[in-house]
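J.: Sending over a structure as structure tokens; questions will come in a sec.
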Amino acid sequence: MDLATRAIGAATPARTVAAGDTDAVVSAVRDANEAGEAVVVWGGGTRIEVGDDPERYDAALDLRALRGVVEHAPADLVCTVRAGTTLAELADVLAAAGQRWPVEVGDPATATVGGSIASAAAGPSRLRYQHPRDWIIGCEAVLGDGTRTRAGGRVVKNVTGYDLTRLYSGTFGTLAVLTEVTLKLVARAERVRSFTLAGAPSEVWRSAGVLHASRLPLDAVALVIDAAGARLVVRVAGSVAAVDRLAAELRRLGHFAEEDAEAWGAIAALPLRAARSARLSLRPGREAEVFASESGPLLAYPGTGIAYLFGELDPRRVRALRELVEPAGGALVIERAAPETRRAAGTWGTPRLPPAIARGLKGRFDPRGVLAPGRLPA
């Protein structure tokens, strides 16, 4: 394999190590720990650009061969899957039982379960189903010294070590290498319908506010502003009667037209297709207040507090937005940008986790800094 395809920013590894089982992961990480080397974990690579360049990068640990469903208990709405399994593969297996894992990403044919959890991937399903970590009940992971660990369980009622499984989500492979996860599932909806309302940005934001205030049990809401204009896309799901009732309610609230269900894949993929992007998180319901004056290309998931800005990111604009959202517990993370933009504005902004705690966690789980050193703050 061309090592340039495993480069992260200016950092290129000396080699790639492919692991098809947990023993191979243990061996690769343990060898790196003993040699004082650094490893970056790779799944599908759809969100590998998020984060700073690694301070050291000797080996790319490729988990794409670590795939497949280990166990599926349809009656319990639970399955155990290897971390390198793509979300499309998982969806195909679960669909046969009329079930699904309610985490939605932009490129399910490439994105892996482990990578989606480790990078806290966001998508349209966040409105109804919240964070990916809320749909994990157990995991197997390899720590930075090669120690093989388990947390949680394989049944919903077993919550031993559950907080540890949640801790790994959003740490981008800097604390542990996820090798196997046990997931909570939901039944597939009897009917799903989607609708679009188009108009001027101010009108679309106003309609998003009306929807939020209506408290209708919607499945997903996305607001997109691009070269084609501004539009609000809404999805409803459930029983036939419930979906038809919600569709009627939507049409009473605005001029919604029926939308093709395929639109959601394109919407979820927008942050992956953008050459330049920043992800913002803020208090749900505050999106219009922060972004109503933004005319540039953006994607927001109203009601979730998640939004993406696309295009060139002026450092002054980045700092101004951080000053607006950080005091209320929000954040702006530069996901894709030119190196000079990262240097001028900083990738992460003010860390939510106090640096002393972040260093303490890193020291506990990865004492010699084997796993992606420097990718996260502190």
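The values are calculated or read from the model by the stated rules, or taken from the named source; none is laboratory data. Quick caveat, the model's predicted, so the values are computed rather than measured. Cβ coordinates were reconstructed from backbone atoms using ideal geometry, including for glycine residues, and neighbour counts include every protein chain displayed.
J.: Could you tell me whether segment 361-369 includes any residue that is crowded, with 21+ Cβ neighbours inside 10 Å and touching a Pro at 6+ places or on another chain (Cβ under 7 Å)?
T.: Among the residues of segment 361-369, not one is crowded, with 21+ Cβ neighbours inside 10 Å and touching a Pro at 6+ places or on another chain (Cβ under 7 Å), which makes the answer no.
J.: For Arg150, indicate whether it is in a strand (DSSP E or B), surrounded by fewer than 21 Cβ atoms within 10 Å (Cβ to Cβ) and at pLDDT below 95. Full working, then the answer.
T.: Details: in a strand (DSSP E or B): yes; surrounded by fewer than 21 Cβ atoms within 10 Å (Cβ to Cβ): yes; at pLDDT below 95: yes.
Yes; evaluated as a whole, the condition is true for this residue.
J.: Of all residues in segment 287-319, which are farther than 19 Å from Ala337 by Cα, surrounded by fewer than 16 Cβ atoms within 10 Å (Cβ to Cβ) and touching a residue at least 40 places away in the same chain (Cβ under 8 Å)?
T.: Answer for segment 287-319, where residues must be farther than 19 Å from Ala337 by Cα, surrounded by fewer than 16 Cβ atoms within 10 Å (Cβ to Cβ) and touching a residue at least 40 places away in the same chain (Cβ under 8 Å): Ala292, Ser295.
J.: Please verify whether Ala242 is of a type in the set (Gly, Ala, Ser), buried (at least 19 other Cβ atoms within 10 Å of the Cβ) and either out of contact with any Phe, Trp or Tyr (no Cβ under 6 Å at 6 or more places or on another chain) or farther than 18 Å from Thr196 by Cα (or both), treating the condition exactly as stated. Steps first, answer last, please.
T.: Details: of a type in the set (Gly, Ala, Ser): yes; buried (at least 19 other Cβ atoms within 10 Å of the Cβ): no; either out of contact with any Phe, Trp or Tyr (no Cβ under 6 Å at 6 or more places or on another chain) or farther than 18 Å from Thr196 by Cα (or both): yes.
Judged against the criteria, Ala242 is not a match.
J.: Let me ask something else about it. Out of Val29, Val70, Val50, which single residue is of a type in the set (A, V, I, L, M), in contact with an Asp or Glu (Cβ under 8 Å, 6 or more places away or on another chain) and part of a loop (DSSP other than H, G, I, E, B)? Step through it out loud before you land on a result.
T.: Working: Val29 fails: part of a loop (DSSP other than H, G, I, E, B); Val70 fails: part of a loop (DSSP other than H, G, I, E, B).
Of Val29, Val70, Val50, the one residue that is of a type in the set (A, V, I, L, M), in contact with an Asp or Glu (Cβ under 8 Å, 6 or more places away or on another chain) and part of a loop (DSSP other than H, G, I, E, B) is Val50.
J.: A further question on this structure: At pLDDT below 95, small (Gly, Ala, Ser) and either more than 21 Å from the chain's Cα centre (by Cα) or within 20 Å of Ala230 (Cα to Cα) (or both): which single residue out of Gly285, Gly329 fits that description? Reasoning before the result, please.
T.: Values: Gly329 fails: either more than 21 Å from the chain's Cα centre (by Cα) or within 20 Å of Ala230 (Cα to Cα) (or both).
Of Gly285, Gly329, the one residue that is at pLDDT below 95, small (Gly, Ala, Ser) and either more than 21 Å from the chain's Cα centre (by Cα) or within 20 Å of Ala230 (Cα to Cα) (or both) is Gly285.
J.: Next question. Given the options Leu324, Leu353, Leu313, name the one that is part of a loop (DSSP other than H, G, I, E, B), farther than 25 Å from Pro217 by Cα, touching a helix residue (DSSP H, G or I) at 6+ places or on another chain (Cβ under 7 Å) and modelled with pLDDT under 95.
T.: On the way: Leu324 fails: part of a loop (DSSP other than H, G, I, E, B); Leu353 fails: touching a helix residue (DSSP H, G or I) at 6+ places or on another chain (Cβ under 7 Å).
When all the criteria are applied, what remains is Leu313.
J.: Hey, could you check segment 161-212 for residues that are of a type in the set (Gly, Ala, Ser) and assigned to a strand (DSSP E or B) and say which is surrounded by the most Cβ atoms within 10 Å (Cβ to Cβ)?
T.: Ranking the candidates gives Ala176 first.
J.: Which is out of contact with any Cys (no Cβ under 6 Å at 6 or more places or on another chain), on the phi < 0 side of the Ramachandran plot and modelled with pLDDT under 95, of Ala222, Ala228, Ala247? Quick ask: steps written out before the conclusion?
T.: Details: Ala222 fails: modelled with pLDDT under 95; Ala247 fails: modelled with pLDDT under 95.
Checking each option against the conditions leaves just Ala228.
J.: Sticking with this structure for a sec: Take segment 117-134 and flag every residue that is closer than 30 Å to Arg30 by Cβ and free of Cβ contacts under 8 Å to residues at least 60 places away in the same chain.
T.: Kept after step one, since they are closer than 30 Å to Arg30 by Cβ, are these residues of segment 117-134: 117-121, 132-133.
Answer for segment 117-134, where residues must be closer than 30 Å to Arg30 by Cβ and free of Cβ contacts under 8 Å to residues at least 60 places away in the same chain: Ala120, Pro132, Arg133.
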